[in-house]
Amino acid sequence: MTETIDFGTQTALIAHLAARTRDEQLAAPTPCTEYAVRNLLGHLVGLTSAFRDAAAKDLGPSTATSPGSALPDVSPGWRDELAANLDALAAAWHHPDAWEGETRAGGITLPAALAGRIALNELVLHGWDLARATGLPYAPDTASLGVSYALLAPAAEDPARGGMFGPAVPVPDDTTLLDRVVALSGRRPDWTPPRG
């Protein structure tokens, strides 16, 4: 039987953060230097749609588009759209068939089991980005952090492969699992918004 990973806790956490993001924060900077909060949220709307479709093997425009092809942005009704996408994403990856065979995401064909782990990792990291940018508390569940760590650590430990997002940032041995995951993604765990 195929092992599945529960997205429900992490998708609920992202929905909680998004619902508490104020309109006046949409122009604020994020740890993703090319994204303001509005672009980060637009990226989340797009990736949740794409990975929902990847789980269902519903391959089309959403799964064929590279995430770097255009600067994402939010549109009116983005909160409802993101909340619906998050629910649908969690439901789609709940099905064992989602983890079987191959699928496509970001224009790349890859094993479905890997696509699911990448999707959850995106939620973990971008949830941290959103929380840091908006000053909201963030505490992902240990299982989701474990998926991210297992995905990111091998690339970070082999400099020839490079990290998925950039070179890992050194952290102390006693750092938290969340900070370790953030650092493995090339982000600084101590990032705070610049003072205006």
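The values are calculated or read from the model by the stated rules, or taken from the named source; none is laboratory data. The shown structure was predicted, so the numbers you read here are calculated from the model rather than taken from an experiment. Ideal geometry is used to build each Cβ from the backbone, glycine not excepted, and the neighbour counts take in all protein chains shown. Ligands, DNA and RNA are excluded from the accessible area calculation, which covers all protein heavy atoms including side chains. Shrake-Rupley method; radii C 1.70, N 1.55, O 1.52, S 1.80 Å.
Within region 83-97, residues that are loosely packed, with under 14 Cβ neighbours inside 10 Å sit with their Cβ atoms under 9 Å from residues that are of a type in the set (Asp, Glu), at 6+ positions apart or across chains, in these pairs: Pro96/Glu3. Could we say that Thr103 is touching a helix residue (DSSP H, G or I) at 6+ places or on another chain (Cβ under 8 Å), buried (at least 22 other Cβ atoms within 10 Å of the Cβ) and either modelled with pLDDT under 95 or assigned to a strand (DSSP E or B) (or both) here? Yes, satisfied.
Residues are listed down the side, and each one gets a yes or a no for (1) at pLDDT below 90; (2) under 28 Å from Gln25 (Cα atoms); (3) surrounded by 12 or more Cβ atoms within 10 Å (Cβ to Cβ):
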position	(1), (2), (3)
Asp141	no, yes, yes
Ala155	yes, no, yes
Pro159	yes, no, no
Val169	no, yes, yes
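Given the condition closer than 22 Å to His43 by Cβ and either in a loop (DSSP other than H, G, I, E, B) or out of contact with any helix residue (DSSP H, G or I) (no Cβ under 9 Å at 6 or more places or on another chain) (or both), answer yes or no: does some residue in region 89-97 qualify? Looking through region 89-97, none of the residues is closer than 22 Å to His43 by Cβ and either in a loop (DSSP other than H, G, I, E, B) or out of contact with any helix residue (DSSP H, G or I) (no Cβ under 9 Å at 6 or more places or on another chain) (or both). Taking (1) open to solvent by 20 Å² or more (accessible area, probe 1.4 Å); (2) modelled with pLDDT of 95 or more; (3) under 16 Å from Ala133 (Cβ atoms) in turn, Ala18 satisfies each apart from (1).
Scanning region 34-72 for residues that are open to solvent by 30 Å² or more (accessible area, probe 1.4 Å) and either among the β-branched types (Val, Ile, Thr) or within 19 Å of Asn121 (Cα to Cα) (or both) yields Gly46, Arg52, Ala56, Ser62, Thr65, Ser66, Pro67, Gly68. Condition check for Pro31 on (1) touching a Phe, Trp or Tyr at 6+ places or on another chain (Cβ under 9 Å); (2) within 25 Å of Gly101 (Cα to Cα); (3) surrounded by 21 or more Cβ atoms within 10 Å (Cβ to Cβ): one failure, at (2).
Would you confirm, using the coordinates I've provided, whether Glu122 is under 14 Å from Leu47 (Cα atoms) and modelled with pLDDT of 95 or more? For Glu122, the condition - under 14 Å from Leu47 (Cα atoms) and modelled with pLDDT of 95 or more - is met.
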